[in-house]
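The values are calculated or read from the model by the stated rules, or taken from the named source; none is laboratory data. Bear in mind that the values here come from a model prediction, so they are computed numbers and not experimental data. Here Cβ is always computed from backbone atoms with ideal geometry, including for glycine, and neighbour counts include all displayed protein chains.
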Amino acid sequence: MSTDDAQSDDTHIDIADGIDHQVAMVMDLNKCIGCQTCTVACKTLWTEGGGRDYMYWNNVETKPGEGYPKGWEESGGGWKSEDHSERQPGEIPEKERYGGDWEFNHSDIMYDGSDEPLRPQNVDPEWGPNWDEDQGAGEYPNSYYFYLPRICNHCTHPSCVEACPRKALYKREEDGIVLVDQERCRGYRYCVEGCPYKKVYYNAAKKKSEKCIFCYPRIEGEGPDDTVHATACAEECPPQLRLVGYLDDEDGPIYKLVEEYEVALPLHPEFETVPNVYYIPPYAPPQHSEDGESIEGVDRIPREYLEELFGDRVNGALDTIERHRDRVERGEDSELMEMLQDKNPAQQYRLGVFDDD
């Protein structure tokens with residue numbers, strides 16, 4: 001493999017001790033249109049009612065932005081160093097930082113003919129999921145934003161698991177999915193404090209912690225048609241920006257994007273949890289002058305901001321993507337571009353490769 005085909009031949013898969021295979025996801029941020037179809041799919045399947053109204057196991061944030069819950073990136077949690085010997089102190093976000101689960105005047109508008117605008121009833125909300133949607137940053141003519149879908153990262157070294165004194169959180173041996181044992185959980189919320197991504201939630205009605213389960217019943221083929229399906233957020237996505245499979249499947253696109261080409265990166269690697277959800281960073285056109293001329297060499301999305309999200313490796317990832325885009329424009333082949341554009345479900349969702357183990 002030439003240096004143009006991959007950044008490095010020195011690949012290494014970090015899988016937690018005692019885990020057979022690690023399920024993983026890659027999301028291409030260049031495809032996300034912020035339609036929230038993934039959010040709705042997850043909400044209707046897993047978190048409707050029962051104390052889960054405020055929960056969004058999957059959410060799509062506008063970046064730059066405060067996110068959900070508000071200011072989660074500054075909430076602490078994770079590990080102090082890569083040896084995972086000491087946890088980083090964190091905090092439990094107040095309910096207001098998640099936003100309310102409001103009742104809207106749907107009935108008045110849709111059935112009673114009201115001319116009022118759609119709005120929450122009997123409340124004056126000050127924050128909620130997607131409150132700062134599409135705001136972004138920068139100034140005309142170079143304002144910018146992009147969408148960031150988020151689920152639980154099912155980390156290789158999950159600080160939420162270490163934080164729980166009841167050992168209610170654990171990684172499944174067969175696929176590394178992080179789950180909450182509802183029988184052991186007592187709702188202490190140390191897991192919420194410990195997760196730096198704030199993707200563990202407290203159900204006040206049940207007094208238990210709950211979180212994304214990576215749709216494991218679908219992966220196990222327990223759906224109505226008794227066949228294996230990818231996560232609902234992936235299958236329902238209109239632009240098909242998610243790849244679902246196993247990090248240690250060396251013939252699959254996830255392994256190649258993460259380990260060979262090194263263009264799929266974890267979010268906030270400095271948290272040291274080693275996420276198993278990866279992102280293809282957003283590739284944007286250059287800035288423009290006020291008369292509409294391109295300013296070559298000046299990125300629309302500042303590299304410094306992308307480094308804050310994805311670490312220093314984002315520079316190499318974007319350079320590799322640009323090099324392969326140029327290769328395709330010259331009429332040459334690029335395995336990388338083919339993988340990022342492949343719409344074959346057998347390649348997008350490689351979930352049966354280890355069934356014979």
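Laid out as a table, the results:
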read-out	value
Some residue of the range 300-308 being part of a strand (DSSP E or B) and either buried (at least 22 other Cβ atoms within 10 Å of the Cβ) or in contact with a Phe, Trp or Tyr (Cβ under 6 Å, 6 or more places away or on another chain) (or both)	no
Cross-chain or 6+ apart pairs with Cβ under 8 Å, the range 46-63 first and closer than 15 Å to K208 by Cβ and among the small types (G, A, S), then surrounded by fewer than 21 Cβ atoms within 10 Å (Cβ to Cβ) and at pLDDT 95 or above	G50/N203; G50/A205; G50/K206; G51/N203; G51/A204; G51/A205; G51/K206
Options P239, P285: the member that is without any contact (Cβ under 8 Å) to a residue 40 or more places away in the chain and either under 25 Å from G34 (Cα atoms) or surrounded by fewer than 20 Cβ atoms within 10 Å (Cβ to Cβ) (or both)	P285
Residue list for the range 346-357, restricted to those being surrounded by 12 or more Cβ atoms within 10 Å (Cβ to Cβ), not aromatic (F, W, Y) and not in a loop (DSSP other than H, G, I, E, B)	Q347, Q348
Counted residues, the range 75-128 - those being of a type in the set (D, E) and within 20 Å of H157 (Cα to Cα)	4
Test for N122: is it polar (S, T, N, Q) and surrounded by 14 or more Cβ atoms within 10 Å (Cβ to Cβ)	no
So S114, is it closer than 30 Å to L306 by Cα, free of Cβ contacts under 8 Å to residues at least 24 places away in the same chain and not aromatic (F, W, Y)	no
Subset tally (residues that are of a type in the set (S, T, Y) and either in contact with a helix residue (DSSP H, G or I) (Cβ under 7 Å, 6 or more places away or on another chain) or part of a loop (DSSP other than H, G, I, E, B) (or both)) for the range 87-115	2
Filtered residues of the range 257-270 (kept if over 15 Å from the mean Cα position of the chain (by Cα) and buried (at least 22 other Cβ atoms within 10 Å of the Cβ))	L257, Y261, V263
Any hit, the range 64-77, residues being surrounded by 13 or more Cβ atoms within 10 Å (Cβ to Cβ), more than 29 Å from A163 (Cα to Cα), out of contact with any His (no Cβ under 6 Å at 6 or more places or on another chain) and modelled with pLDDT of 95 or more	yes
Residues being under 21 Å from the mean Cα position of the chain (by Cα) and not hydrophobic (A, V, I, L, M, F, W, C) - total across the range 317-357	8
Subset of the range 190-222 [surrounded by fewer than 16 Cβ atoms within 10 Å (Cβ to Cβ) and either under 15 Å from M55 (Cβ atoms) or aliphatic (A, V, I, L, M) (or both)]	A204, A205, K206, K207
Top-ranked residue in the range 38-82 [being hydroxyl-bearing (S, T, Y) and part of a helix (DSSP H, G or I); ranked as nearest to W127 (Cα to Cα)]	T39
